[in-house]
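Asker: Shown below is the structure under consideration.
Here, each number is a calculation from the coordinates, and none is a lab measurement. What you see is a predicted model; the values in this text were computed from it and never measured. Cβ sites come from the backbone with ideal geometry, for glycine too, and all protein chains shown count toward neighbours.
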Amino acid sequence: MFYKLASYLAFWVKSTNAHGIHSPFVFDYLTLCLYKRSKPSKGKMADLILQSIIYFHFTTFRVVGNLGLKQLLEGETQVVRSEETPVDLLYFEDIGRVSPEITFSDFNLHNNSLIVIANTHKTRNNLKAWEALIADPKITVSIDLFWCGLLFVRKEQVKQHFFIRP
């Protein structure tokens, strides 16, 4: 319990809202997608993913670790589950439990792919795994929302990390 409180306080001190963001890509994504409430709630994570799919016009996804979310995505969208083709959206339920040998090269990512990581601050292992993912040279934009993390593969953008308050 103490770890999560300390982690949240450290996050809160570093974080900002959308108006403190100087990246046009991230500012537009926050204001036109994440902060927009257009549908009835299906849960915080499901809403984030569904809104991102609509905003970016994604067509393929891969879910690692959450069968309920996988079924929701297959039922709510025209997006297809992908094992072989390039993945637009990759979701990890609990990155601290995923094998450390797994790298992004194990998945067929492309420029403009989005990786969503749930529970980034849940445990120290999750936070260490999250920090290692941010350091990956393929990742150019990372957004820490405390309850989850978003990683973007965007070759045309310089590497930046954002802490965003909900």
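Asker: How about LYS44: which aspartates and glutamates have a C-alpha closer than 16 Å to its C-alpha, ignoring those fewer than 8 places off in the same chain?
Answerer: Within the straight-line limit of under 16 Å, LYS44 reaches these aspartates and glutamates: GLU76, GLU93, ASP94, ASP144.
Asker: Out of residues 5 or more away from ARG154 or on other chains, whose amide H comes under 5 Å of its own, with H placed 1.01 Å from N in the peptide plane?
Answerer: When sequence neighbours closer than 5 places are left aside, the close amide H contacts are ASN112, THR140, VAL141.
Asker: I would also like to ask the following. Calculate the FRET efficiency for ALA6 and VAL80 from the Cβ-Cβ distance with a Förster distance of 45 Å, rounded to the nearest 0.05.
Answerer: Details: r = 41 Å, r/R0 = 0.92.
So, using R0 = 45 Å, E works out to roughly 0.60.
Asker: For ASP88, what residues show an amide H to amide H distance below 5 Å, using hydrogens built from the backbone and excluding near sequence neighbours?
Answerer: THR59, THR60, PHE61
Asker: Per 0.36 nm of contour for each residue apart, how much would the distance between ASP106 and LEU32 grow if the chain were fully extended, relative to their Cα-Cα spacing? Don't jump to the answer; show the numbers that get you there.
Answerer: Values: separation 74, 0.36 × 74 = 26.64 nm, distance 3.12 nm.
Full-extension gain reported as 23.5 nm.
Asker: Amide H to amide H under 5 Å from PHE163: which residues, 5+ apart in sequence or cross-chain, H placed 1.01 Å off N in plane?
Answerer: Amide H to amide H, under 5 Å and 5 or more residues apart or across chains, PHE163 pairs with THR16, ASP144.
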